[in-house]
Amino acid sequence: MADLPPPTPGAPAAPMRFGVFMAPFHPLPSNPTLALQQDLQVATHLDALGFDELWVGEHHSGGLETIASPEVFLAVAAERTTRIRLGTGVSSLPYHHPFILLDRMVLLDHLTRGRVMFGCGPGQLPFDAHVLGINPDDQRRMMEESLDVIMALQRSTEPVTVKTDWFTIQDAVLQLRPYSHPHIEMAVAGSFSPAGPKLAGKHGIGLLSISATSPEGFERLASHWEVATTEADRHGQTVSRRDWRLLGPMFLADTEAEARAALRFGYEQISDYLTHVMPVPRPPDMSLDERIDAANASGAVVIGTADRAVEQIRRLVEQSGGFGTFLCNGGYWADTEATMRSYQIFAEQVMPHFNGQLAAPTRSYEWTMGDDKDWDGQARRAVAKAMQDYAKENPDYVAKAPATPSAPTGL
């Protein structure tokens with residue numbers, strides 16, 4: 001038996017995964033009913049392109065992010081897709097009684113046969129908190145209290161009793177255990193504060209770095225992972241970089257000029273909205289091209305071609321020390337057709353650089369095209385021999401060696 005070659009030293013343990021984090025952002029004016037159908041079309045498109053994950057947000061005001069119940073949306077998307085994993089990105093824990101929210105997620109876990117992921121956070125929109133009468137200063141504390149209960153209910157069959165100033169749970173046990181083992185895949189969102197990494201470490205679950213490419217978030221990537229590992233050690237848990245997801249806004253086209261033109265659809269309105277509601281500086285008045293130049297220069301956004309996206313992901317890997325999944329920020333800066341084309345370019349030209357699919361065919365091609373090979377000569381000699389052999393058996397057949405063409409011919 002021939003000796004087999006040893007494993008390649010330093011080979012990656014697993015390929016990077018890819019997904020889309022879809023709030024979504026729909027510029028106004030638009031038909032909200034049709035917008036929801038477009039979101040479902042995007043879900044099936046991503047599934048067909050081989051994306052690994054789709055995360056859908058929860059929002060209740062503001063007018064641009066109109067999915068109020070991600071679990072309802074994902075239930076519909078699950079019936080129209082086959083393999084892509086579906087996550088709440090994210091469920092705002094202070095807005096819900098933890099037992100009721102988890103009970104719905106367990107149901108979805110069964111309906112999707114384990115394709116569901118439970119992303120959670122404190123609720124990022126201050127006007128949602130205002131409508132619900134929640135003090136934004138309390139949201140991270142409330143998220144922790146809720147997540148403690150959600151994890152206890154999944155990890156134990158013993159009754160859980162907890163009383164806080166905003167919910168009570170008495171002798172609670174799930175009547176339906178999660179389909180996924182040992183529990184639904186969990187991930188907690190983090191932007192700038194250490195609250196998200198702290199809870200990821202405390203419970204040994206995944207981390208969603210929502211602002212990974214913003215200048216401030218980018219600088220804090222390494223420290224956030226340090227917080228997660230420190231808290232995991234403190235609570236007897238473990239965290240894995242494989243379960244760390246980094247989010248970055250991207251829009252791709254075949255040329256940068258096409259990308260810039262497509263963004264006239266909604267980029268300015270969406271960016272104005274985000275700088276109005278997020279804790280980031282508001283930019284000065286600029287033209288669309290000036291905004292795009294500034295966004296690309298800051299590293300916060302990728303607008304252009306696939307090579308810029310590849311460089312951005314490499315930059316994130318170096319800064320973070322490694323992570324498991326990159327998520328494109330799914331906003332409708334462009335119309336639906338251009339948005340879906342952007343995802344197609346990402347799947348075709350960006351993903352293979354990081355998920356292990358590109359190295360083998362590239363290596364095979366380069367080996368085939370090497371100057372030390374004489375494949376065309378071998379082919380000509382084989383054809384000539386076959387003709388000569390046939391002529392030996394059939395004296396009336398005149399064997400001629402195949403001519404060497406002076407220029408490539410069609411196949």
Label of the coordinate-derived value, Kirkwood radius over Cα pairs in Å, listed as (1) 24.0; (2) 22.2; (3) 23.2: (1)
Residues L111 and T44, FRET efficiency given R0 of 25 Å [Cβ-Cβ distance, rounded to 0.05]: 0.90
Reach of K198 by Cα under 20 Å, taken over aspartates and glutamates that are not fewer than 8 positions away in the same chain: D137, D138, E144, E145, D148, E185, E216, E219, E226, E231, D233, D243
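Compute the signed sum of charges (Lys and Arg +1, Asp and Glu -1) over the other residues within less than 10 Å, Cβ to Cβ, of R17.
Working: positive: R85, R242, R245; negative: D52, E53.
Computed value for this residue: +1.
Which net charge results when you count Lys and Arg as +1 and Asp and Glu as -1 among the other residues whose beta-carbon is under 14 Å from that of Q154?
Values: positive: R104, R155, R177; negative: D103, D109, D148, E158, E185.
Result for the local shell: -2.
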Derived scalar couplings ³J(HN,Hα) [region 222-229; Karplus, 6.51 cos²θ - 1.76 cosθ + 1.60; whole Hz; x for Gly, Pro]: 5, 5, 5, 5, 5, 4, 4, 5
Distant-in-sequence amide H partners of V188 (H built 1.01 Å from N, under 5 Å): C120, G206, L207, L208
FRET efficiency, A222 to S30 (Cβ-Cβ, R0 45 Å, nearest 0.05): 0.70
Label-point separation, E318 to A379 (7 Å along Cα→Cβ), nm: 4.1
Region 353-370 versus region 296-318: alpha-carbon centroid distance in Å: 23
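Work out, step by step, the length gained on full extension between M286 and V131: first 0.36 nm times the residue separation, then minus their alpha carbon distance; give nm to one decimal.
52.5 nm
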Sequence-distant residues sharing a close amide H with G330 (under 5 Å, placed H): F21, M22, A23
Inter-part distance where region 115-136 and region 167-197 are each reduced to a Cα centre, Å: 15
Integer Hz, Karplus 6.51/-1.76/1.60 couplings in order for region 111-117, x for Gly and Pro: 4, 9, 6, x, 7, 8, 10
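Which net charge results for the neighbourhood of S320, defined as the other residues with beta-carbon distances under 12 angstrom from its beta-carbon, given Lys and Arg at +1 and Asp and Glu at -1? Walk me through the numbers before you get to the answer.
On the way: positive: R220, R241, R245, R314, R315; negative: E219, E226, E318.
My count for the surroundings of S320 gives +2.
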Spin-label model distance (nm) - S298 vs D103, 7 Å beyond Cα toward Cβ: 4.4
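For the chain, give me the percentage of DSSP beta bridges that are antiparallel, rounded to the nearest 5 percent.
Working: 3 of 41 bridges.
The antiparallel fraction comes to roughly 5 percent.
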Pairwise FRET efficiency - T275 versus Y365, Cβ, R0 = 51 Å, nearest 0.05: 0.65
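Quick one: grab the alpha carbon gyration tensor of region 112-229, order the square roots of its eigenvalues as a ≥ b ≥ c, and give me rounded if a/c is under 1.5, else prolate or oblate depending on whether a/b is larger than b/c.
Cα axes put region 112-229 in the oblate bin.
All of the numbers you see were taken from the coordinates with simple rules; none came from a lab. Every value quoted in this text rests on a predicted model; they were computed, and no experiment measured them. For neighbour counting, all protein chains shown are included, and Cβ atoms are generated from backbone atoms with ideal geometry for every residue, glycine included.
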